[in-house]
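The values are calculated or read from the model by the stated rules, or taken from the named source; none is laboratory data. Source: prediction; values computed, not measured. FYI the Cβ positions are ideal-geometry reconstructions off the backbone, even for glycines, and counts take in every protein chain you see. Please note that ligands, DNA and RNA were not included when accessible areas were found on the heavy atoms of the full protein model with its side chains. Shrake-Rupley method; radii C 1.70, N 1.55, O 1.52, S 1.80 Å.
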Amino acid sequence: QRTRRLTLSMDALCPSPPGPSRPQRNYERIGGRTGTSFCQTLIHLLKGNIGTGLLGLPLAVKNAGLVLGPVSLLCMGIVAVHCMRLLVKCSHHLSAKVNRPSLSYGEAMQYGMENVSWLRRHSHWGKRTVDLFLIITQLGFCCVYFVFLSDNVKQVVEAANATTFSCQINNTNQTQILVPSFDSRLYMLCFLPAVILLVFTPNLKYLAPLSLVANLVMTASLILIYFYSLTNIPHPINLPKVGRAKDYPLFFGTAIFAFEGIGVVLPLENKMQRPQKFTLVLYVGMGIVTFLYISLGTIGYMCFGEHIGGSITLNLPNCWTYQAVKLLYCFGIFITFALQFYVPAEILIPPVVARVSERWEIAVDLLLRTVLVIFTCALAILIPELDLVISLVGSVSSSFLALIFPPILQIVTFHTEGLSPLVTAKNAVISLIGLIGFLAGTYIAIEQIIARNSLKHEETFSSYMVQ
């Protein structure tokens with residue numbers, strides 16, 4: 001089951017207290033069983049929500065405006081946490097109703113739909129739909145990682161000859177003397193063999209030491225990024241308080257991409273030693289996450305202004321300290337690729353492997369993993385624009401998982417128990433906001449992708465004609 005697979009991946013990162021192995025544990029909906037502590041669950045929640053999305057938020061704030069951006073992030077954080085709470089509440093109710101110790105997100109949707117007579121026959125599609133969007137989201141994360149790795153490593157390589165020990169800011173905060181190198185898409189192809197070997201890891205526990213190092217270096221990198229941004233804010237600040245209306249859907253996509261940690265909520269709650277304390281973990285953890293999002297998004301935009309890139313790391317000065325920050329963060333993202341890839345691989349591969357003879361199981365498993373990684377790399381090569389890939393993935397899939405599905409799940413779960421009209425109206429509004437964000441964000445992101453590709457083709461053609 002997906003819940004078990006997700007929690008197995010978390011076991012690899014932060015082992016539970018000593019006790020019986022996971023299949024032997026008794027999953028009662030009460031405390032007193034072996035599982036993760038309050039602090040361990042909090043750390044898992046933070047790790048599940050902090051990634052490349054955080055680094056893209058300064059550009060998101062630029063798209064929304066210096067005042068509207070932080071206010072919108074706060075509102076989105078409140079709504080996202082509320083939807084996570086709804087998911088946990090519905091899971092509790094349904095697991096007690098069907099006499100199951102725990103449910104995954106997809107199973108909760110399936111059993112919720114069984115409460116509605118005219119949806120009962122098609123309830124299995126609820127689970128399939130949620131799993132589909134989980135796969136799209138996780139593979140989308142993997143595409144973003146390819147683009148992030150190529151853009152940052154390309155920048156480090158091109159600036160290598162001009163890199164100094166001085167970290168003084170200039171007008172765009174980037175060294176002007178760059179040595180042109182390969183196209184960023186060729187860097188993606190260079191990373192491809194290493195990523196394929198990484199996902200061949202048979203058990204995520206083998207990556208636990210590297211994952212611990214990756215978490216430490218990413219934390220150190222974030223501290224240095226905060227320090228640089230805070231100490232280099234120009235005065236006076238003449239930035240628009242409200243951005244262009246056309247750019248707001250791009251803000252929505254990037255922000256919901258960052259807040260899409262709902263996929264880890266139920267696995268964490270199911271694995272907790274005292275699940276009745278999970279609500280407190282959720283509020284504390286997401287409060288920290290929301291603060292980080294708003295602060296880095298605002299400070300980063302105030303520091304770099306109109307020149308802010310798809311990731312704030314691309315704006316750091318080309319001195320050795322911050323070149324090291326870029327490379328260290330790339331290492332962390334590289335290791336995280338295996339964790340994000342684990343979820344879609346465990347949903348898609350086992351049913352196929354089960355159809356082949358035992359002697360071919362390993363070969364088919366490795367082949368399918370290779371095909372999936374090549375597929376994500378190919379998508380990244382087709383859209384090598386970090387900010388637009390983040391916004392597109394957020395708009396297409398994260399909006400459904402984080403905003404649209406949870407309110408619908410509450411309506412179908414408590415359909416027979418009489419939800420108040422106010423709650424139903426509130427849920428309808430949240431889902432409608434998610435749907436509008438999905439439509440507008442997807443449309444604008446695709447439009448911008450087409451426009452940038454056309455511009456690149458024109459520039460390439462012009463340079464060819466000049467030669």
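Here are the numbers:
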item	result
Restricting the range 82-93 to residues that are open to solvent by 20 Å² or more (accessible area, probe 1.4 Å) and not basic (Lys, Arg), the residue that is modelled with the highest pLDDT	His82
Residues of the range 181-202 classified as open to solvent by 70 Å² or more (accessible area, probe 1.4 Å) and more than 30 Å from Lys456 (Cβ to Cβ), total	2
Whichever residue in the range 116-147 is of a type in the set (Val, Ile, Thr) and surrounded by 20 or more Cβ atoms within 10 Å (Cβ to Cβ) and, among such residues, is farthest from Leu192 (Cα to Cα)	Val130
Residues satisfying the stated conditions in the range 122-169, i.e. outside any helix (DSSP H, G or I), polar (S, T, N, Q) and modelled with pLDDT under 90	Thr163, Thr164, Ser166, Gln168
Selection count, the range 409-424, where residues are assigned to a helix (DSSP H, G or I) and either over 20 Å from Cys75 (Cα atoms) or modelled with pLDDT of 95 or more (or both)	9
Enumeration of residues in the range 236-277 that are within 15 Å of the chain's Cα centre (by Cα) and either among the β-branched types (Val, Ile, Thr) or at positive phi (or both)	Thr254, Ile256, Ile262, Val264, Val265
Of all residues in the range 89-110 being free of Cβ contacts under 8 Å to residues at least 60 places away in the same chain and not in a loop (DSSP other than H, G, I, E, B), the one that is nearest to Leu403 (Cα to Cα)	Gln110
Hits in the range 218-244 - residues which are in contact with a Leu (Cβ under 6 Å, 6 or more places away or on another chain) and open to solvent by less than 30 Å² (accessible area, probe 1.4 Å)	Ser221, Leu239
Number of the exception - Ala378 against (1) closer than 30 Å to Ser123 by Cβ; (2) of a type in the set (A, V, I, L, M, F, W, C); (3) without any contact (Cβ under 8 Å) to a residue 12 or more places away in the chain	(1)
Qualifying positions in the range 72-81 - more than 20 Å from Ala428 (Cβ to Cβ) and open to solvent by 60 Å² or more (accessible area, probe 1.4 Å)	Leu74
Residue within the range 245-264 that is open to solvent by 30 Å² or more (accessible area, probe 1.4 Å) and without any contact (Cβ under 8 Å) to a residue 40 or more places away in the chain present	yes
Matching residues in the range 53-71 - criterion: being open to solvent by less than 10 Å² (accessible area, probe 1.4 Å) and in a helix (DSSP H, G or I)	Gly53, Leu54, Leu55, Leu57, Pro58, Ala60, Val61, Ala64, Gly69
